[in-house]
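Novice: Input: one structure, supplied below.
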Amino acid sequence: MKKPIVLLFFLLFTFLSNAQEISDNAIGLRFGNNNGFGAEITYQRALGDINRLEANLGWENDHNTNAFKVTGLYQWIWLLDGDFNWYAGAGGGLGSWKTKYKDASGNSVTTNGTFFYAAGNIGIEYHFPDFPILLSLDTRPEFHFNNNNNDGLNFGFGFGMRYKF
């Protein structure tokens, strides 16, 4: 019974360690829908051939709410096919929000708060071979704490466009 398990781990390690070289740096935008945050400025920094850090600054500004959040993720990258990679990561962040609205009596009400969260990340990316652009599509589940407005698990999807340098 031990031989199939050892063989499975060997094959899994061989598959996962076959990564495409990633760019040293990438900066751009990630557009998504996680918890109302529509856009994020995103920066990626390679830590080796298969690992990188990603930092994001997201904001929301609609007719009632102003908010921002900062996210940090550690990611692992694996070759999928040709110029396609897939990646997964974990991290967390913090944010702040302020909402103004009128109650049933017509009085102005302001609520605000801060929150922190744990985040996961999994996605696919495409590196243009002759052009320094990286496109990505991912999901980032977040578990929010200390957020009177939206505690618990939130799922969001994002599309990223980054310049590699």
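Novice: Grab the other residues whose beta carbon is less than 10 angstrom from that of ASN66, score K and R as +1, D and E as -1, and report the net.
Specialist: 0
Novice: Below 9 angstrom from the Cβ of THR111, what's the summed charge of the other residues (Lys, Arg +1; Asp, Glu -1)?
Specialist: +2
Novice: A further question on this structure: Which listed residue (THR42, THR99, ASN154) has the Cα farthest towards the positive end of the charge dipole for region 18-164, taking +1 on Lys and Arg C-beta and -1 on Asp and Glu C-beta about the Cα centre?
Specialist: Of THR42, THR99, ASN154, it is THR99.
Novice: Still on this model: Hey, rough spin-label estimate for LEU53 and PHE157, points 7 angstrom out along Cα→Cβ, what's it come to in nanometres?
Specialist: Result for the modelled spin labels: 3.1 nm.
Novice: With a Förster radius of 22 Å, plug the Cβ-Cβ distance of THR111 and VAL70 into 1/(1 + (r/R0)^6) and report the FRET value to the nearest 0.05.
Specialist: 0.60
Novice: Next question. Can you pull the Kirkwood radius for region 18-164, inverse mean 1/r over Cα pairs, to one decimal in Å?
Specialist: 16.2 Å
Novice: Would you mind computing, in nm to one decimal, how far apart the modelled labels at ASP130 and TYR101 are, each placed 7 Å from Cα along Cα→Cβ?
Specialist: Result: 5.3 nm between the two label points.
Novice: With Cβ to Cβ distances under 10 Å as the rule, what net charge do the other residues near ARG30 carry (K, R +1; D, E -1)?
Specialist: Neighbour charge sum, excluding ARG30 itself: -1.
Where a number appears in this text, it was derived from the coordinates with a stated rule and is not lab data. None of the values given here were measured: they were computed from a predicted structure. Note: ideal-geometry Cβ built from the backbone for every residue, glycine included; neighbour counts use all protein chains shown.
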